[in-house]
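First comes the structure, then the notes that go with it.
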Amino acid sequence: MKQYEVMYIINASVEEEKRAGVIADLGKIVTDHGGRILKTDEWGMRSFAYRIDDMTKGYYVVVTFEADNDTVKEFGRLLRINPSVVRYMIVNKTDELAKAAKAAKGSTK
């Protein structure tokens with residue numbers, strides 16, 4: 001399994017109790033498909049750099065997880081159709097870690 005990081009923004013109009021439910025439900029998607037949540041970091045309410053669908057604020061969440069490719073595809077699909085999620089981005093951290101290790105190894109020679 002590879003390591004991934006996802007940042008998603010929840011609509012600011014979602015109430016606090018429902019927001020906690022959305023975060024838990026999205027984490028459950030990964031674990032139900034055989035993945036593992038390593039870290040969930042809630043950044044809280046932040047202003048956007050530009051308007052998105054007439055919104056100026058959103059609740060930012062960053063999650064680090066391990067999963068296979070099929071799980072990541074399904075997770076991305078479900079994020080895309082979730083009405084509470086404004087935007088999201090999934091990054092493969094395994095590739096980034098390998099590039100950093102290779103760069104560090106090359107600079108020591």
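The values are calculated or read from the model by the stated rules, or taken from the named source; none is laboratory data. Because the structure is predicted, anything quoted here is derived from the model rather than measured. Every residue, glycine as well, gets a Cβ built from its backbone with ideal geometry; the counts of neighbours run over all protein chains shown.
Answer yes or no as to whether residue 72 is touching a Ser or Thr at 6+ places or on another chain (Cβ under 9 Å), surrounded by 11 or more Cβ atoms within 10 Å (Cβ to Cβ) and not acidic (Asp, Glu). Against the criterion (touching a Ser or Thr at 6+ places or on another chain (Cβ under 9 Å), surrounded by 11 or more Cβ atoms within 10 Å (Cβ to Cβ) and not acidic (Asp, Glu)), residue 72 does not qualify.
So, of the residues in region 8-38 that are assigned to a helix (DSSP H, G or I), free of Cβ contacts under 8 Å to residues at least 60 places away in the same chain and β-branched (Val, Ile, Thr), which turns out to be farthest from residue 94 (Cα to Cα)? For region 8-38, the residue satisfying everything is 23. Filtering region 1-23 to residues that are of a type in the set (A, V, I, L, M) and over 12 Å from the mean Cα position of the chain (by Cα) leaves 1, 12, 14, 20, 22. If the condition is being without any contact (Cβ under 8 Å) to a residue 60 or more places away in the chain and of a type in the set (D, E, K, R), then region 68-82 contributes 70, 73, 74, 77, 80. Here 93, 99, 109 are screened, and the one residue that is at pLDDT below 95 and surrounded by 13 or more Cβ atoms within 10 Å (Cβ to Cβ) is 93. Considering the conditions (1) of a type in the set (D, E, K, R); (2) modelled with pLDDT under 95; (3) touching a helix residue (DSSP H, G or I) at 6+ places or on another chain (Cβ under 7 Å), residue 53 is excluded by exactly one of them, (3). Kindly list, by first and then second residue, each pair from a residue in region 39-67 that is more than 18 Å from residue 24 (Cβ to Cβ) and exposed (fewer than 14 other Cβ atoms within 10 Å of the Cβ) to a residue that is among the aromatic types (Phe, Trp, Tyr) and at pLDDT 95 or above, limited to pairs with Cβ atoms under 9 Å and residues at least 6 apart or on different chains. The qualifying pairs are 45/59; 45/60; 46/59; 46/60.
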